[in-house]
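Please read the structure below before turning to the comments.
The values are calculated or read from the model by the stated rules, or taken from the named source; none is laboratory data. Everything numeric here is computed off the predicted structure, so don't read it as measured data. All Cβ positions, glycine included, derive from the backbone under ideal geometry; neighbour counts span all protein chains shown. Heads up: the accessible areas ignore ligands, DNA and RNA and are worked out on the full protein's heavy atoms, side chains in. Shrake-Rupley method; radii C 1.70, N 1.55, O 1.52, S 1.80 Å.
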Amino acid sequence: MDEPADMQTPFVPLVQTNAAIGEPRAVRLLLIGTTVLFLGVFLLLPLAAVFAQALSGGVRAYFAALADPDAWSSIKLTLLTAAMAVPLNTAFGVAAAWAIAKFRFRGKELLITLIDLPFSVSPVIAGLVYILIFGARGWLGPWASAHGLRIIFAAPGIVLATVFVTFPFVARQLIPLMQAQGTDEEYAALTLGARGWSTFWHVTLPNIRWGLLYGVLLCNARAMGEFGAVSVVSGHIRGQTNTMPLQVEILYNDYQFVAAFAVASLLALLAFVTLGLKSLLEWRHGNELAAVRGH
Amino acid sequence: MPGFSLTLGFSLTYLSLLVLIPLAGLLLRSAGLGLTGFWHVLSAPRVLAALRLSFGGALAAAAINAVFGSLVAWSFVRYRFPGKQLLQAMVDLPFALPTAVAGIALTAIYAPNGWLGAPLAKLGIQLAYHPAGVVLAMTFIGLPFVVRTLEPVLEEAEKQLEEAAATLGATRWRTVTRIILPAILPALLTGVALAFARGVGEYGSVIFIAGNIPNVSEIAPLLIMIRLEEFDYAGATAVASAMLIISFTLLLAINLLQAWRRRRGT
C-alpha cells in the first residue's frame, strides 16, 4: 500500500509546476503538515491504539483471549451473518442495477433515493423496526412464536438488521457503473441470438465484475462490523447471539480490556484488508470503476 | 432487453419487505400515539437534551470536517508528499473500521489516562466522558464523506481559470476564495450534509467515549436503546420517528444539493 511517492496512480494528477497558481512554500508546508497531523491523530493513532492495547498483556494473553469459546462463537456468528446478508444484498444490487440501468420507467429517481434510504437511518432505528414487527409485542411476534420461530434475540434478527444497514452498498456501486456502460453490448449479444441469462453471464457480468467486487467488499466490511442495529435485536446472550462487535462491547464493559481489544484487533485487521483490496482495485481497475468515483 | 419485470419485481419486493414496510411500521406505531402523546414523549427534558446533542454534535463535527476535510482533499490533489498514498488509502478507515472498535480505540486514546487524554488533562482539557467526546467520535466517522466528495471535484477543477485570475492580477487568496471555493461549494455542502447525516444517527463509536450521562452526554440513539430495554416501546418509537423525520428531510436536502451540482456540471 505504501508505494514510493514517484509511482503515479491513475488518480494522482501531474505535479503542480505552474508558479502562478501554486502557493508559497510556507503555506504549502503548513497545509501538508496539518493534513498529516490531522490524519495521523484521527486515523493512525486509533488503529495503533487497538493493537497496543490488545498486546499490552503480552502475546500469550492476546492468544488466550482469542481462544476463548465465547470469542469463537462470536466469530462464527459474524461469519454466518455476513455469509447470509452479503449474497442477499448482492443479488438485490445486481437486479436493481439491471432494472434501473437498462430500462426506462417512471419513478426511477425515486427508486434510487429509496435504495439509499437505509444510509440515512440510524442503525439503532434499523434494529428497532424489526423489534416492532417480530418482537414479543410486535405485529408478527405472536404468530412467529406460535410457529416456533425465533427471530428477535436470535440469528435471523441479526441477519435482518445487518441486511438493512448494508442494503445500498452493492446497488449504489453498480447503478452508476451500469448506467455509464449503456445497453449496446447486451443488444449486440441478443441480436446474435444469445438468451437473457447468457447475455448477463457472458456480456454484462465481465463488464461489471470489478465494480461488483468493490461493492461486495464494502458491504462485507459493514456486515461484519455492524454494531448498533445488531445490538438492538441480539439480546446479548453470551456464546449464542453475540457477534464480534457485541463481544467487544461486553468484554470492554466487563473491564476485560486486553480481551476486548484482542477481538477488536481482528476486526481492525478486517478493515485493513478491506482498505488494501479497495486501494488495489482502484489502482488496477480504476478506469472500469471510473463511473463509480464521485458518487 | 429481457428481464425487466423479473429484476424490477424482485427489487421492489425486496426493498418493500426489508426497508419500506418496516420503516412505515415504525411511523404507523408512533402515529398511534397521537399528536399529544408524541409531543409528551418528545418534550421531556432528557429527550430534548439527547436530540440536541445528536444534532448539535453532528453539526459541530460536520463543521470541523468541512475545514479539515477540505484541507486534506486539497493537499491530496495538489501536493506530493511522502506517505501520501498510505494516507489516501487510510482516509476510508472510518468506513471500514467497525464502529465499536473505533469507539473503544478513541476512548483508550482520550481517556484521562490515555495517550492524548493524559497530557490534555494536565492542561485542564477533558474530551472523553464529555459532550466534546461525542463531537470527536462524530468527526472521525464523518471525515471520509467530505474528503471523498471533494477530491474528484478538485481534480476536475479547471486550472485555466486560476491561471487567468492570476494573470489578471488576483492574489492567490482572492483566486482561492473567488474562483475555487465557489466551484467546489456544492460538492463541499454535499459532503458536509452526508457527514452530518451519518453523525446524527451514529451509535457505536460514540457510546464508549461519551460517558452517557443523561441530559449531558447521552445521544438520541442511545436513549432509544434505553427506552427499549425498559420495554417503553412508545417512548422508543416516538424518539425514533422524530429522528427519522428529520433525517428524511435532510436526505431530501442532499438530493436537491446533488441536483444543483448536476445542473452546474460539477
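What the table shows:
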item	result
Matching residues, the range A:122-177, being within 11 Å of chain B (Cβ to nearest Cβ), crowded, with 21+ Cβ neighbours inside 10 Å and among the small types (Gly, Ala, Ser)	A:SER122, A:ALA126, A:GLY127, A:GLY135, A:ALA161, A:ALA171
Lone qualifier among B:PHE4, B:PHE55, B:PHE10, B:PHE68 - being within 9 Å of another protein chain (Cβ to nearest Cβ), open to solvent by 30 Å² or more (accessible area, probe 1.4 Å) and within 30 Å of B:ALA132 (Cα to Cα)	B:PHE68
Matching option when the condition is open to solvent by less than 20 Å² (accessible area, probe 1.4 Å) and either more than 30 Å from B:ALA157 (Cβ to Cβ) or facing chain A (nearest Cβ under 8 Å) (or both), among B:LEU27, B:LEU15, B:LEU35	B:LEU15
Filter result for the condition that a residue is without any contact (Cβ under 8 Å) to a residue 40 or more places away in the chain and either aliphatic (A, V, I, L, M) or open to solvent by less than 10 Å² (accessible area, probe 1.4 Å) (or both), over B:ILE224, B:ILE209	B:ILE224
Test: residue in the range A:215-225 that is touching a residue at least 24 places away in the same chain (Cβ under 8 Å) and assigned to a loop (DSSP other than H, G, I, E, B)	no
Flag for A:ALA271 being open to solvent by less than 30 Å² (accessible area, probe 1.4 Å), at the interface with another protein chain (Cβ under 8 Å from one of its Cβ atoms) and within 30 Å of A:ALA65 (Cα to Cα)	yes
Residues of the range B:250-263 classified as surrounded by fewer than 16 Cβ atoms within 10 Å (Cβ to Cβ) and more than 10 Å from chain A (Cβ to nearest Cβ), total	5
Residues of the range A:24-35 that turn out to be in a helix (DSSP H, G or I) and either under 12 Å from A:ALA268 (Cα atoms) or more than 7 Å from chain B (Cβ to nearest Cβ) (or both), as a count	6
Per-region count, the range B:235-258, residues over 20 Å from the mean Cα position of the chain (by Cα) and within 16 Å of A:VAL232 (Cα to Cα)	3
Test: B:ALA61 is touching a residue at least 40 places away in the same chain (Cβ under 8 Å), touching a helix residue (DSSP H, G or I) at 6+ places or on another chain (Cβ under 7 Å), within 28 Å of B:VAL135 (Cβ to Cβ) and crowded, with 22+ Cβ neighbours inside 10 Å	yes
Condition met for A:LYS108 (out of contact with any Gly (no Cβ under 7 Å at 6 or more places or on another chain) and open to solvent by 30 Å² or more (accessible area, probe 1.4 Å))	yes
Hits in the range B:126-161 - residues which are of a type in the set (Val, Ile, Thr), within 20 Å of B:GLY57 (Cβ to Cβ) and touching a Pro at 6+ places or on another chain (Cβ under 9 Å)	B:ILE141
Filtered residues of the range B:201-232 (kept if part of a loop (DSSP other than H, G, I, E, B) and within 12 Å of chain A (Cβ to nearest Cβ))	B:GLU202, B:TYR203, B:ASN212, B:ILE219, B:PHE231, B:ASP232
Test result for B:LEU86, closer than 30 Å to B:ALA187 by Cβ, open to solvent by 30 Å² or more (accessible area, probe 1.4 Å), in a helix (DSSP H, G or I) and at the interface with chain A (Cβ under 7 Å from one of its Cβ atoms)	yes
Wholly within the range B:105-200, helices (runs of 4 or more DSSP H) carrying at least 3 residues that are out of contact with any His (no Cβ under 7 Å at 6 or more places or on another chain), open to solvent by 20 Å² or more (accessible area, probe 1.4 Å) and closer than 30 Å to A:ALA49 by Cα	B:117-122, B:131-156
Residue count, the range B:172-197 (criterion: away from chain A (no Cβ under 11 Å) and of a type in the set (S, T, N, Q))	1
Counted residues, the range A:145-187 - those being part of a helix (DSSP H, G or I) and farther than 16 Å from A:GLY228 by Cβ	21
